[in-house]
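Trainee: I am attaching a structure below and will ask some questions about it afterwards.
The values are calculated or read from the model by the stated rules, or taken from the named source; none is laboratory data. All values reported here derive from a predicted model rather than from experimental measurement. Glycine gets a Cβ as well: all are built from the backbone with ideal geometry, and neighbour counts include every protein chain shown. Each accessible area value is taken on the protein alone, full model and side chains, heavy atoms only, with ligands, DNA and RNA left out. Shrake-Rupley method; radii C 1.70, N 1.55, O 1.52, S 1.80 Å.
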Amino acid sequence: MKRREFILASSGYALSTLGLPDMDSITRRTKTVFPGPVRVGQDEVAAVRHIVKALGDSAPELGGGLARHLAVRYLTKDVTPWLEGHFTEATGRDLFAATSQLVHLADWMAQDEGDTPELRGLAQLHYAHSFRLTAEAGDPELSAPALRGLAVQCADLGYRAEAVQLGKACAEYSRDLDNPRAVAYYEATLANATAQDDDRRTATGHLAMSETAIGKPAATPGGS
C-alpha cells in the first residue's frame, strides 16, 4: 500500500485526520523565501531531538500528564515557528522527522495519563499528526510507529476493519527497514489485528513473518 493509496477509515472512527500531506511541500518551500520566516538549521533540529530524549527519559518520573503538557508547550511555542520557517530540503526533512518523534512522545503520554474519551481522542490526533509529519519527511521508519499506535487503538476500541487497514499500512511501511526487530514488531501488530478480525489464516501468516524477522541478527536501533 503506497502513501497515496492509503485507505481512510469509513466508519465513525475519525481517521480522516490522516489526510495525506503534500509530498512536495518541503521541496517547494526551499525554493521560495517568504518575508519574515525564521531561518532554521541543524541546531534547531538537534534541539528538538534533545528535548525528545530529555522528556522521554523523565516521563516515568514526571508522569504522562505533566510531561505531555511540557511537550505540547514546546511544540506550540518553539517548534511550530520553525516548521513554518525557511530551511534547506535536507534540514526540512530532518526537522519534520524530529518533530514527529516529539508528537509521537505526546501520543504515549496522553495514553499514559489515563483512559478517558478525551485522552484517547488526543492520542488519536497526535498519532495522525505524527504520521503526516513523517510522511512529509519521507521517513517510513518513523511513519510505522504512528500507524501502529492507531492500529492498536482501533483494535482496543473494537474497530476491527480499521485496525486491519492500519496494520497492513504499518507492515507495508516497515518492509524495507534494516531492523528485523522493528519488522517483527509491526508484523505482529498486523497479526493481532487480523486475529481479532477472526481472520486466522492471515494472522498465522503474519505471525510467522514476525517470528522469521525476530530470528535474524539484531541491527543497530533506529528511530522506530
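Trainee: Sorting D107, D156, D78 by accessible area (1.4 Å probe), largest first, what list results?
Mentor: D156, D78, D107
Trainee: Keeping every protein chain in place, order Y74, Y186 by accessible area at 1.4 Å, biggest value first, i.e. largest first.
Mentor: The most accessible residue leads, giving Y74, Y186.
Trainee: Each label point is 7 Å from the Cα along the Cα-to-Cβ direction; what then is the distance between the points at R175 and D57, in nm?
Mentor: 3.8
Trainee: Which FRET efficiency value, to the nearest 0.05, is calculated for L66 and A90 with the Förster distance at 35 angstrom and r the Cβ-Cβ distance? Write down the numbers at each step before the final one.
Mentor: Working: r = 34 Å, r/R0 = 0.98.
The pair L66/A90 has a calculated efficiency of 0.50.
Trainee: While we're on this one: How much of I51 can a 1.4 Å solvent probe reach, expressed as accessible area in Å² and rounded to 10?
Mentor: Its heavy atoms expose roughly 40 Å² to the probe.
Trainee: If you don't mind, there's one more thing I want to ask. What net charge do the residues around R160 carry, taking every other residue with its C-beta under 15 Å from that of R160, with Lys and Arg at +1 and Asp and Glu at -1?
Mentor: Values: positive: K168, R200; negative: D156, E162, D197, D198, D199.
Surrounding charge for R160 is -3.
Trainee: I would also like to ask the following. Rounded to the nearest percent, how much of the accessible area of the range 156-211 (1.4 Å probe, protein heavy atoms only) is carbon and sulfur?
Mentor: Whole-percent figure for carbon plus sulfur exposure: 44.
Trainee: Applying the Karplus parametrisation 6.51 cos²θ - 1.76 cosθ + 1.60 with θ = phi - 60° to the phi angles of the range 196-207, what ³J(HN,Hα) value in whole Hz is obtained for each residue in order, glycine and proline being reported as x?
Mentor: Going residue by residue, I get 5, 8, 6, 9, 4, 4, 5, 4, 5, x, 6, 5 Hz, with x marking Gly and Pro.
Trainee: Tell me which residues come under 5 Å, amide H to amide H, from H86 once H is placed; ignore anything under 5 positions away on its chain.
Mentor: HN-HN under 5 Å from H86: V38, R39, V40.
Trainee: Still on this structure, I have one more. Keeping all protein chains in place and using 1.4 angstrom, which order do D178, D197 fall into by accessible surface area, from largest down?
Mentor: My answer, sorted largest first, is D178, D197.
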